[in-house]
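Working notes for the structure below.
The values are calculated or read from the model by the stated rules, or taken from the named source; none is laboratory data. A quick note: this is a predicted structure, and the numbers were derived from the prediction, not measured. No Cβ is skipped: glycine too gets one built from the backbone with ideal geometry, and neighbour counts run over all protein chains shown. Side chains are part of the model used for accessible areas, which takes the heavy atoms of the whole protein and leaves out ligands, DNA and RNA. Shrake-Rupley method; radii C 1.70, N 1.55, O 1.52, S 1.80 Å.
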Amino acid sequence: MCSGCSANPSGFFHLSGSRMSALSLKPSLRHSVSDWSSNNQQLSATAQHQRHVSHEVRQEGRALRNDTHCKTVWDESATSRRLGDRIWDVARWRDVLESCAQKVDEEMEALTLSKEQSEQALAATSVPLEVTNECLTLREGRRGYELVGDAVEEQLKKEVELIEGVQQRLQQGVHQAFEQLCVLQEARHQLTADLQNKMEALDIDMSCLSLTTTSPNISLKTNPTRIPSGSSTPQEWVQFSQRNVARAHEAVHVSQQMREELSLSRAQLHNELEAQLRATEFALRKRTHQEQRARDELQWQMKNTQDEMAEMESDIRGLDADLQAKTASLKLAHTRLEARTQRCGVDLCRDQVQHGLVAEVQQLEATIQDLKQKLSEAQHSLQKLKLHQSRMQQDLSRKQEALTLEQRSIHTRTRIASPSWSDRTAPPLVPLMNSSGRSDLQLLARSLTY
């Protein structure tokens, strides 16, 4: 190496000079050991201070979380409790309105029934009046010593006068019942609107009560604390329903009194007309019992056959519906099998799905065949029932014609032998007391039964 250096001393100095020139380009600032120690201590102190501050922030954040959590839970619980109380109030008024509406409906049904009974009574009087006049006309055809002014003719004339008076009184009662039904209908409309609002409010409050913070349909709304137009106070809310209920109760009370009057009037008129009819109908009550019995038996058989036909038609519709449903299931299975044939390569595997679909198709085809066979049998049976029903109808018509061949006078009087507008088997719908406290309706109903 010495020989090499001695051989090229200028090269050595040239390299050393290059390194020195490079070192001269670096910063010449140097820190002391104390500065280095101070910097380390400052970093440690700053880190400790920042950790302390972070710890205090975390503690304050935890305390805030606990406080806000407790307040939020308490507020939600209080809101849920208030919602529950409100739901109870609305449900209570809903029950009151439903009960009142049910009473109104029952009263409307009862008054409608009473009105219909009066209308039926009014309509039924046309037949007795027509029959009485016809009997008077028939009796005018008598000749010789038979043309006498007997008690039958006198009673027939009394019937005409009585029936005309009954018609006038019944028509007045029907008109009053119609007006009261309009009042009940208006009260029912108010109750229905109020009840509908209660039901909607109850659904909304129950939906709100069921919501939680994890519900998927909750979101922030625009100005949810606004007061909607048309809002009412709790006092107005209660008073509105109270007025509707009070109005309905008043209408029901008036309707009950009217029904009592209508029932009393019908019973009295029926008694008067019945007493008048009995004066001339005793000799005309004998009928051909055997023919009536056969007719009634045939009518009963026809009714049973008609019921069986209705059930058979219903079963046929059910079989047809099942057949359509099974056909749809078969189409589904066929479509699945056909679609699976489009698989490529080794995926075109006869797996459990393929075997299951094949078995399903076979089962459905067998089921459809059974349903078609049973449907054909049912239709054939229905045709037989219809054919036999037609035969019974023809036989019934012949029996009716046989009854029509009775004497004209007897046949004419049997049309009013038992007025269709009187109810002899049961007391009035709702037994009510009159002003004296006695149930005249019950007494009248019993007297009619006896």
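General remarks:
- Search result, residues across the stretch 346-386 that are basic (Lys, Arg), within 42 Å of the chain's Cα centre (by Cα) and either over 30 Å from Thr305 (Cα atoms) or open to solvent by less than 100 Å² (accessible area, probe 1.4 Å) (or both): Lys386
- Restricting attention to the stretch 301-324, the residues that are more than 12 Å from Leu385 (Cβ to Cβ), loosely packed, with under 14 Cβ neighbours inside 10 Å and of a type in the set (D, E, K, R) total 2.
- Evaluating Gln257 against the criteria (1) open to solvent by 70 Å² or more (accessible area, probe 1.4 Å); (2) modelled with pLDDT under 90; (3) over 28 Å from the mean Cα position of the chain (by Cα) leaves one unmet condition, (2).
- Among the candidates Leu264, Leu273, residue that is modelled with pLDDT of 90 or more and assigned to a helix (DSSP H, G or I): Leu264
- Close pairs from the stretch 74-92: first under 14 Å from Glu200 (Cα atoms), partner among the aliphatic types (A, V, I, L, M) and part of a helix (DSSP H, G or I), Cβ under 7 Å, at least 6 apart: Ile87/Leu202; Ile87/Met206; Ile87/Leu209; Val90/Ala201; Val90/Leu202; Ala91/Leu202
- Test: residue in the stretch 325-345 that is among the polar types (S, T, N, Q), modelled with pLDDT of 85 or more and open to solvent by 50 Å² or more (accessible area, probe 1.4 Å): yes
- With respect to the stated conditions, Ala333 is more than 21 Å from Lys374 (Cβ to Cβ) and aliphatic (A, V, I, L, M).
- Counted residues, the stretch 1-57 - those being hydroxyl-bearing (Ser, Thr, Tyr), loosely packed, with under 10 Cβ neighbours inside 10 Å and modelled with pLDDT of 85 or more: 2
- Among the residues of the stretch 173-219, those that are open to solvent by 40 Å² or more (accessible area, probe 1.4 Å) and more than 27 Å from the chain's Cα centre (by Cα) comprise His175, Gln176, Phe178, Glu179, Thr212, Thr213, Thr214, Pro216, Asn217, Ile218, Ser219.
- Pairing each residue of the stretch 252-270 that is closer than 15 Å to Ala110 by Cβ with any residue that is among the basic types (Lys, Arg) and open to solvent by 10 Å² or more (accessible area, probe 1.4 Å), provided the two are 6+ apart or on different chains, yields C-beta distances under 7 Å for Val252/Lys103.
- All conditions but one from (1) farther than 19 Å from Ala251 by Cβ; (2) touching a residue at least 12 places away in the same chain (Cβ under 8 Å); (3) open to solvent by 70 Å² or more (accessible area, probe 1.4 Å) apply to Glu98; the one that does not is (1).
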